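Here is the structure we will look at.
The values are calculated or read from the model by the stated rules, or taken from the named source; none is laboratory data. Here the structure is a predicted model, which is why all the values come from computation and not from measurement. We place every Cβ from the backbone using ideal geometry, glycine too, and count neighbours over all the protein chains shown. Please note that ligands, DNA and RNA were not included when accessible areas were found on the heavy atoms of the full protein model with its side chains. Shrake-Rupley method; radii C 1.70, N 1.55, O 1.52, S 1.80 Å.
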Amino acid sequence: MDMQKYLDCALEASEIARKLIATAYDENAFKIEIKADATPVTEVDIAVEKAIYDHISKAFPDHGFYGEESGQKNMTSDFIWLIDPIDGTKAFVRRRPMFSCQIALMYKGEIILGVSTAPCFNGGERIYALKGKGAFLEDKKISISDITELSQAVFSSGNLKRLTQDTEKWANYGKLVGQVNSTRGFGDFLQYHFLATGKLDLIVESDVNILDIAALSIIVNEAGGKMTALDGKAIDLEVTTILAATPSLHAKALEILQY
């Protein structure tokens, strides 16, 4: 299967999204609504998702589509595009540049490509990956760190509310924190970009959905890392927790967390 054409389309869609998001962020004039789950959605989220859908569906009309704002279409297709137009809408609304556009493609249940674009962070940053081809920051190949010991690891976490509600799981999380070198809370796309480029070594996160992390999961894996649910199971459409790390640290953290 020639997958390059799918990546090319995703990169084109990400550039369309980048321009729309960056313009709206600079102008700082957009309508905000609160969804049923008490999270914000802006007219920019909706416009960006539509633009991505229009571009991809024109190229591949028989593919399925699962978008954060528009929901699911043609989910019986072998190919399903997973889109979060602005992952980190709360940050976008509050004028923090810690948000991204996430585009991934799943083929028969396996994620085969991902593009993570942060239009307003660090002058604009895009990382992408294609199954079996590696991960790239723009055109430069990237890789995880060579850290193997928890005592040397930089650890980042985010969205831990669900984890705190289980006494035993929270205690195990505390054990893990006690063994690492340093802890940070970069959150959202940034911690995964940092992991894939060797700037940190271990991530724990709960309260996520597949659209948040689909693209990021293949980026981390293609950069040489390992990303699963907290129980060690593979990423799927129902995922709600994340353990991502160098392979050695992943195994050690999994044993401590006992999720």
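Table for the structure above
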item	result
Rel. contact order, % - alpha carbon contacts under 8 angstrom, at least six apart, the range 159-251	28
The range 78-149 - convex hull of alpha carbons, volume per residue in Å³	139
Principal semi-axes in Å for the range 170-259 [√(5λ), Cα gyration tensor, largest first]	18, 15, 12
Mean ellipticity per residue at 222 nm, deg cm²/dmol - from DSSP H runs of n ≥ 4 across the chain, formula -39500 (n - 2.57)	-11000 deg cm²/dmol
Fraction of accessible area attributable to carbon and sulfur, the chain (%, probe 1.4 Å)	48
Shape of the range 20-81, Cα gyration tensor, a/c cut at 1.5	oblate
Exposure of E205 as accessible area (Å², to 10), given a probe of 1.4 Å and all protein chains	10
Crossing angle, helix 247-257 versus the chain [Cα axis fit, 0-90 degrees, rounded to tens]	70
Nearest-ten-degree value, helix 167-177 long axis tilted from longest Cα axis of the chain	80
With DNA, RNA and ligands ignored, accessible area of H63 (1.4 Å probe; Å², nearest 10)	20
Separation in nanometres of the label points that stand 7 Å from Cα toward Cβ, at F30 and K73	2.0
Convex hull of the range 72-198 built on C-alpha atoms - directionally averaged projected area, nm²	10.3
Kirkwood Rh (inverse of mean 1/r, distinct Cα pairs), the range 1-145, angstrom	15.6
M106 long-range amide H proximity, modeled H, under 5 Å	I80, W81, L82, I112
Share of alpha-carbon pairs per 5 Å distance bin for the chain, given as whole %	1, 6, 14, 18, 19, 17, 13, 7, 4, 1, 0
Mean separation of Cα contacts under 8 Å (6+ apart) over length of the range 58-207, as relative contact order %	17
Residue-wise HN-Hα coupling along the range 81-87, computed from phi with Karplus coefficients 6.51, -1.76, 1.60 (Hz; x: Gly, Pro)	8, 10, 10, 10, x, 9, 7
Convex hull volume of the range 1-55 per residue (C-alpha atoms, cubic angstrom)	91
For K169, solvent-accessible area (1.4 Å; no DNA, RNA or ligand), Å²	50
